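Heads up: the structure comes next, in structure tokens.
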Amino acid sequence: MRSIKIASRASKLALTQSNYARALLLELDPDLDIQIVEISTKGDRDKSDFLYKTSSVGFFTSEVENALLDGRADLAVHSLKDLPTAITEGLVIAAIPKRESVADALITNTGASSIADLPSGASVGTSSLRRIAQVNHIRDDLNCVPLRGNVETRVNKVAAGQVDAAIVACAGLNRLKLSDKISAALPPDEFIPAPAQGALAFQIRTDNPELNELVSKLNDQPSRITAETERSILATMHGGCSIPLGVYSYIDGDTINIEAMISDVEGKNLIKLSKSAPLDQRQQAAKALAEELLNKGGRQILDNIRDERENPSD
């Protein structure tokens, strides 16, 4: 194996992540010939509205996976939070490298250093239902507005005054060397991130054991444990990346601590729960926490969102 083709979305962040994978692979074997194949996805093409109003899964990933399956590429690099929890037949996540920051970032043009500091009526750009719900819960006098496009576009819209603030992932800003744009990193135990936020997934076909042996050397086990634990809660709740769910986990010795929230869009009914368990019981703990969220009102929240999608008021 001397040649590897990496499938990547065409955004600057996705290409940065794919080039990061390329650099890691070249550290393992400098003689590799590695090319990046750019793929356009539905999520990149459709920037029209709030993401949660679509019921699509794999909004940013399905076309990239297809490039693997049809042989145009050998390896795909995904933001793990975008990947559906149902594994596509014929594919496997060979490695989850060391995770970047899990936190969300507040970017403002008002001088505010927290959501609490934003002026009343300020517009906050985000198309994430999870972020909208938590902003509304903290400040019901703010105005969440749709904000799509790549990370640089969203940062520039704040700078241009098109919105007063935006919330994006710290990980993307850090990878793009835009950390200086962060007005505040929102503590993940207070403003809970998306499941597996900050984690990358290196995905390959199951019929390529030689590549699997190589790529699996890039796996960071603590990152894999926390990301997969968070995603197991999402899977238990049968949700995609566009439900109002936040999950954050961290390892302390032989214990994993998990915090999760689900909320209605208005942020009036925000349910937040936590659980700790031995590392070897993390899957059982995650499933139990997800069931508790559903039973305490999460199921009704999800039913209401499905009804809204299927029967939009306008």
Exercise. Just wondering, is there one or more residues in region 277-288 that are among the aliphatic types (A, V, I, L, M), farther than 24 Å from Glu190 by Cβ and surrounded by 15 or more Cβ atoms within 10 Å (Cβ to Cβ)?
Worked result: yes
Exercise. Which one of the conditions (1) buried (at least 20 other Cβ atoms within 10 Å of the Cβ); (2) of a type outside the set (Val, Ile, Thr); (3) under 20 Å from the mean Cα position of the chain (by Cα); (4) modelled with pLDDT of 85 or more does Leu15 fail to meet, given that it meets all the rest?
Worked result: (1)
Problem set entry | region 115-160, residues that are of a type in the set (Gly, Ala, Ser), at pLDDT 95 or above, closer than 21 Å to Lys268 by Cβ and surrounded by 15 or more Cβ atoms within 10 Å (Cβ to Cβ) | Ala122, Ser123, Ala133
Exercise. What single numbered condition from (1) out of contact with any strand residue (DSSP E or B) (no Cβ under 6 Å at 6 or more places or on another chain); (2) of a type in the set (A, V, I, L, M); (3) part of a strand (DSSP E or B) fails to hold for Ala86?
Worked result: (3)
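Run down Asp307, Asp264, Asp280 and say which single residue is among the acidic types (Asp, Glu), over 16 Å from the mean Cα position of the chain (by Cα) and more than 30 Å from Arg139 (Cα to Cα).
Working: Asp307 fails: more than 30 Å from Arg139 (Cα to Cα); Asp264 fails: more than 30 Å from Arg139 (Cα to Cα).
Just one listed residue meets the conditions, Asp280.
Results for (1) among the aromatic types (Phe, Trp, Tyr); (2) outside any loop (DSSP other than H, G, I, E, B); (3) at pLDDT 95 or above; (4) in contact with a Pro (Cβ under 6 Å, 6 or more places away or on another chain), shown as yes or no for each residue.
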position: Arg231; (1), (2), (3), (4): no, yes, yes, yes
position: Ala235; (1), (2), (3), (4): no, yes, no, no
position: Gly239; (1), (2), (3), (4): no, no, no, no
position: Ile251; (1), (2), (3), (4): no, yes, yes, yes
position: Ile256; (1), (2), (3), (4): no, yes, yes, no
position: Glu259; (1), (2), (3), (4): no, yes, yes, no
position: Lys275; (1), (2), (3), (4): no, yes, yes, no
For this session: Tell me, please, whether a residue that is among the hydroxyl-bearing types (Ser, Thr, Tyr), within 30 Å of Leu32 (Cβ to Cβ) and in contact with a strand residue (DSSP E or B) (Cβ under 7 Å, 6 or more places away or on another chain) can be found in region 173-196.
Result: no
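Could you please let me know if Pro312 is surrounded by fewer than 18 Cβ atoms within 10 Å (Cβ to Cβ), of a type outside the set (D, E, K, R) and modelled with pLDDT under 95? Please lay out each step first, then the result.
On the way: surrounded by fewer than 18 Cβ atoms within 10 Å (Cβ to Cβ): yes; of a type outside the set (D, E, K, R): yes; modelled with pLDDT under 95: yes.
Answer is yes for this residue.
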Problem set entry | Residues within region 82-96 that are buried (at least 24 other Cβ atoms within 10 Å of the Cβ) and either more than 19 Å from Pro195 (Cβ to Cβ) or of a type in the set (Lys, Arg) (or both), tallied | 0
Seminar exercise, completed: Over region 104-154, the set of residues closer than 16 Å to Asp180 by Cα, touching a Leu at 6+ places or on another chain (Cβ under 6 Å) and assigned to a helix (DSSP H, G or I) is Val151, Arg154
For this session: Read through the list (1) on the phi > 0 side of the Ramachandran plot; (2) modelled with pLDDT under 95, then give the number of the only condition that Ala196 fails.
Result: (2)
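To keep it simple, each residue is scored yes or no on (1) crowded, with 17+ Cβ neighbours inside 10 Å; (2) assigned by TED's automatic domain parsing to the domain that holds Ile132; (3) in contact with a Ser or Thr (Cβ under 8 Å, 6 or more places away or on another chain); (4) farther than 25 Å from Cys144 by Cα.
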position: Glu210; (1), (2), (3), (4): no, no, no, yes
position: Arg224; (1), (2), (3), (4): yes, no, no, yes
position: Ile243; (1), (2), (3), (4): yes, no, no, no
position: Tyr248; (1), (2), (3), (4): yes, no, no, no
position: Gly253; (1), (2), (3), (4): no, no, no, yes
position: Glu259; (1), (2), (3), (4): yes, no, yes, no
position: Ser263; (1), (2), (3), (4): yes, no, no, no
position: Gly267; (1), (2), (3), (4): yes, no, no, no
position: Ser274; (1), (2), (3), (4): no, no, no, yes
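The values are calculated or read from the model by the stated rules, or taken from the named source; none is laboratory data. Note that this is a predicted model, so its numbers are computed, not measured. Glycine also receives a Cβ, built like all others from the backbone with ideal geometry; neighbour counts cover every protein chain displayed.
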